[in-house]
Amino acid sequence: MTHGITLAAMLALATSCSAIAQIKPYEFGGYVETTFTHYQLHRDSAFYRTEFAGQPQRATLDRIAATLRLAGSARGDEWRLRFQSRTAMENDQLGRDTVNRFDELAASWKPHPDFTLDAGKMVLKWGKGHTWNPVAFVERPKDPSDPRLPREGYTLLSAAVSREFTGALESITFNPVLLPVSENVNTAFGKSGHLNAAGKLLLDFGATDFGFYRLNSGSRAGRFGADFSHHVTSDLEVYGEWARIQSQDFRLATPTGASMTRTEAATSYLMGLQYRTQRRSSFIVELHHNGAGYSSGEFGDFVALVNNASQSGADGALMARTIKLADGGFGRAKAMQNYLYFRATHTIGAATPSIRFTVNLQDGSYSITPELLYNIRSHWGVRARFTVLGGGPATEYGGKYYSRRAEVRMHFHF
């Protein structure tokens, strides 16, 4: 099926589905999105040499993607059913990839205003940070390049028990969670054969709230944490998160290819502020410390390993071990420890320009992304952005497989 036929089919389905969106007590909606991305590849970087090992060398990469997201719900007196689905296709010079899944598929039962029981596949949202959340113990990580993108949930059982008060403490909410992991359920969460227990306790004091979090040992190491948010004014919010992992495994690499594992406790935290103006401007500043990340020396050893593996040959055993490390901890988002994030947006009519900076405070590498979102009509829009990465060859952003990325997204909401 060609890209044009695929996109036309998605648009036809979206248009027909929007016709039933007004039927109550049912709700239905979603969007169709097409993305065109051009990469300027960084052929001397560490992650280029692992990503393109054994493949024809190239200077650019062009990718086209089409995505259909559907969301809906049905309500009764005490219950609610909801879902979010994702159907996507990506194609570039290296191949094609398709996704067809439910990000959420869950049922809620609310027999009392102070009690709710949820079961199924769902996305929990723990923490206050915009791009990263140390206390998000039962969630998949956000995409730092686009943290607002919907994510896939886990299959779990969750409850919300709340109580309101008339004093300084306005409400208390407790959210216990049970998350099973087996060979067929929640396999990405961790080790199989565990029923993982987690919980969140939220204390709301009006302008200030505090949250306390816990995940017992099981598929993952046990951890606990806390967060807070305080509205200094109606325009200014300060917030923070703190988390402690009781036993974190660090898979390390030496320049010669010897592998080792270091296990120790890890502490992560985030401090941030958000300022919104009545002129529809917004500013976000966050300081991140990822205790589960690598030091500059450990990341430098990995880059030296890539150099040695490249000299040994793309098909050698050393490169195979190097690729496995690159696909694991060294290639993940927030692979190192200390980051500064800044984002500024301003809405002017139908246009919303913005700019985002992320700086690795350990090695000085950086990512800069200016962006423009323009709503052509109420349901149609386009988003264009350009990303520049900078840093030396042994740095995180300087070692990515691309140095420039241009992207255009066109979407239709219904």
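The values are calculated or read from the model by the stated rules, or taken from the named source; none is laboratory data. Remember, it's a predicted structure, so these values are computed and weren't measured experimentally. Heads up, the Cβs are rebuilt from the backbone with ideal geometry, glycines too, and the neighbour counts pull from every protein chain shown.
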Consider SER295 against the criteria (1) surrounded by fewer than 20 Cβ atoms within 10 Å (Cβ to Cβ); (2) in contact with a strand residue (DSSP E or B) (Cβ under 7 Å, 6 or more places away or on another chain); (3) in contact (Cβ under 8 Å) with a residue 60 or more places away in the chain: it satisfies all of them except one. Which criterion is unmet? (2)
Close pairs (7 angstrom Cβ cut-off, 6 or more residues apart or separate chains): in contact (Cβ under 8 Å) with a residue 40 or more places away in the chain and over 23 Å from ARG279 (Cβ atoms) in segment 348-369, among the small types (Gly, Ala, Ser) and surrounded by fewer than 20 Cβ atoms within 10 Å (Cβ to Cβ) anywhere: GLN362/SER296; ASP363/SER296
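Just to be sure before I move on: is ARG343 over 19 Å from SER145 (Cβ atoms) and not small (Gly, Ala, Ser) in the structure I sent? Walk me through how you get there before you give the answer.
Working: over 19 Å from SER145 (Cβ atoms): no; not small (Gly, Ala, Ser): yes.
No, not satisfied.
From the list ALA226, ALA253, ALA188, ALA197, pick out the single residue that is among the aliphatic types (A, V, I, L, M), under 21 Å from the mean Cα position of the chain (by Cα) and surrounded by 14 or more Cβ atoms within 10 Å (Cβ to Cβ).
ALA226
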Considering only segment 45-88, state which residues are more than 20 Å from the chain's Cα centre (by Cα), buried (at least 19 other Cβ atoms within 10 Å of the Cβ) and small (Gly, Ala, Ser). SER45, ALA46, ALA53
Residues satisfying the stated conditions in segment 302-311, i.e. farther than 13 Å from THR50 by Cβ and either at pLDDT below 90 or β-branched (Val, Ile, Thr) (or both): GLN311
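Quick one: which strands (runs of 3 or more DSSP E) sit completely within segment 165-226 and have at least 1 residues that are without any contact (Cβ under 8 Å) to a residue 12 or more places away in the chain and farther than 27 Å from SER247 by Cβ? Walk me through how you get there before you give the answer.
Numbers: elements: 171-181, 194-204, 208-215.
Answer list for segment 165-226: none.
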Members of segment 135-147 that are at pLDDT below 90 and more than 8 Å from the chain's Cα centre (by Cα): SER145
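Can you tell me which residue among ALA198, ALA221, ALA243 is in the same structural domain as ASN290 (by TED's automatic domain parsing) and either touching a Phe, Trp or Tyr at 6+ places or on another chain (Cβ under 7 Å) or modelled with pLDDT of 95 or more (or both)? Break it down into steps so the answer makes sense when it comes.
Numbers: ALA198 fails: in the same structural domain as ASN290 (by TED's automatic domain parsing); ALA221 fails: in the same structural domain as ASN290 (by TED's automatic domain parsing).
Just one listed residue meets the conditions, ALA243.
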